[in-house]
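Step one of this worksheet: look at the structure below.
A short reminder: the numbers here are calculations on the coordinates, not readings from a lab. Please read these numbers as outputs of a predicted model, since none were measured by experiment. With ideal geometry, Cβ positions are generated from the backbone for all residues, glycine too; neighbour counts draw on all protein chains shown.
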Amino acid sequence: MFDFETSVDEVPPVGNWRSFLRQRLVGNLRDIAHIVHSDHEASAIQFGLIKSGNLSVSIKARIAGKNAHFKVFLDGSTAAKAYVRERDLQRHLRGTGLTPDLIAFSDRGRFLISQSVESFDWDTAVTRFDATDVAWEIGSWQALFDHEMPAKPASGNWYGYLARVWPELPLNAVDGARDALSGIPLCGSGIARCDAALHNFLIDGDGVLLGCDFEEAQLRPVGWDYIMTVMALIQRMPDRAGELVDAFSDGFARHHRGALIMDELNRLACVVACASAQIGRVQEMHHDH
């Protein structure tokens with residue numbers, strides 16, 4: 001059973017990514033070249049920056065038309081913990097079809113090599129496949145991911161849990177929230193991604209959806225990622241929020257295998273989304289004054 005800690009400190013994004021990459025990969029380039037393309041030497045590797053974040057740098061490696069994806073973690077204790085979370089989840093999910101397969105990793109260099117997937121961003125994908133189709137696929141993915149994660153029993157209810165771990169969430173601003181959530185029990189704890197950003201899904205030209213980025217993963221009540229994804233969908237396309245959430249819920253229900261009751265889960269997500277919206281309104285009021 002994974003049991004990850006919450007990371008609280010942050011490391012600034014890396015400056016010169018090429019210099020940082022050379023430092024991390026020194027002594028490994030020959031092996032890396034063989035992994036990406038067995039017929040070529042290290043001097044043939046071409047690297048390109050995909051993105052740089054607070055904890056890691058994502059890079060594409062290319063040799064003679066073959067690509068691989070590198071994720072290299074920064075220095076510091078926070079990034080070190082994030083690397084372990086990412087490594088362990090990628091190893092656990094290898095072969096499931098839920099994420100690009102992990103090819104190799106280095107604990108010493110704190111980097112991972114996985115399959116490279118040519119994919120669309122959210123805005124492109126929703127014009128090519130329609131937003132409701134993408135939301136349905138995300139719901140299906142989430143249910144299958146939850147099924148793959150080891151779980152353990154949990155006691156209590158969602159009102160008590162949220163009041164304890166998210167005290168700034170104004171649940172009392174939503175009519176009937178206390179009674180509604182007090183009646184929804186926790187159905188166990190499992191590893192959640194804890195990062196519902198929609199750009200953390202890769203969607204290829206055939207509409208196949210894969211998840212990526214697990215460095216924020218933590219132990220949470222089963223259903224946590226469902227709630228966070230509902231909120232992400234609402235925030236991304238508020239004008240189509242109802243149909244997107246319905247499609248997401250349908251995809252999840254189609255593939256869900258567990259103790260969660262969909263009516264309770266949707267009621268829970270609705271209450272949390274409404275309470276979260278109250279936070280935004282309060283912040284806007286303070287800003288206006």
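Summary of computed values
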{"quantity": "Length gained when the stretch Asp239-Gln46 is fully extended (0.36 nm per residue, less Cα-Cα span)", "calculated": "65.2 nm"}
{"quantity": "Trypsin sites (Lys or Arg not before Pro) restricted to DSSP loop in segment 179-260 with at most 11 other C-beta within 10 Å", "calculated": "Arg257"}
{"quantity": "Most fluctuating residue given options Gln23, Gln235, Gln142, as computed from a GNM of the chain linking Cα atoms under 10 Å", "calculated": "Gln23"}
{"quantity": "Sparsely packed trypsin sites (Lys or Arg not before Pro) within segment 40-136, loop by DSSP, other Cβ within 10 Å at most 15", "calculated": "Arg94, Arg108"}
{"quantity": "Ala80 paired with His34, simple spin-label distance in nm, labels 7 Å along Cα-to-beta-carbon", "calculated": "2.9"}
{"quantity": "For segment 167-191 versus segment 55-133, the gap between their alpha-carbon centres in whole angstrom", "calculated": "33"}
{"quantity": "Cβ-based exposure ranking for His92, His256, in which fewest neighbours within 10 Å come first", "calculated": "His92, His256"}
{"quantity": "Cβ-based charge dipole, the chain, positive-most Cα from Met262, His69, Thr99", "calculated": "His69"}
{"quantity": "Label corresponding to Rg and Dmax of the Cα atoms in Å when calculated from the structure given, among [x] 18.2, 57; [y] 20.9, 84; [z] 20.4, 65", "calculated": "[z]"}
{"quantity": "Average Cα contact separation per residue, the chain, under 8 Å, 6 or more apart, as relative contact order %", "calculated": "18"}
{"quantity": "Loop-located GluC sites (Glu not before Pro) in segment 124-169 whose Cβ has at most 16 other Cβ within 10 Å (DSSP)", "calculated": "Glu168"}
{"quantity": "The chain: DSSP helices with Cα axial extent of at least 15 Å and average Kyte-Doolittle hydropathy no lower than -0.5", "calculated": "131-148, 224-236, 241-255, 262-288"}
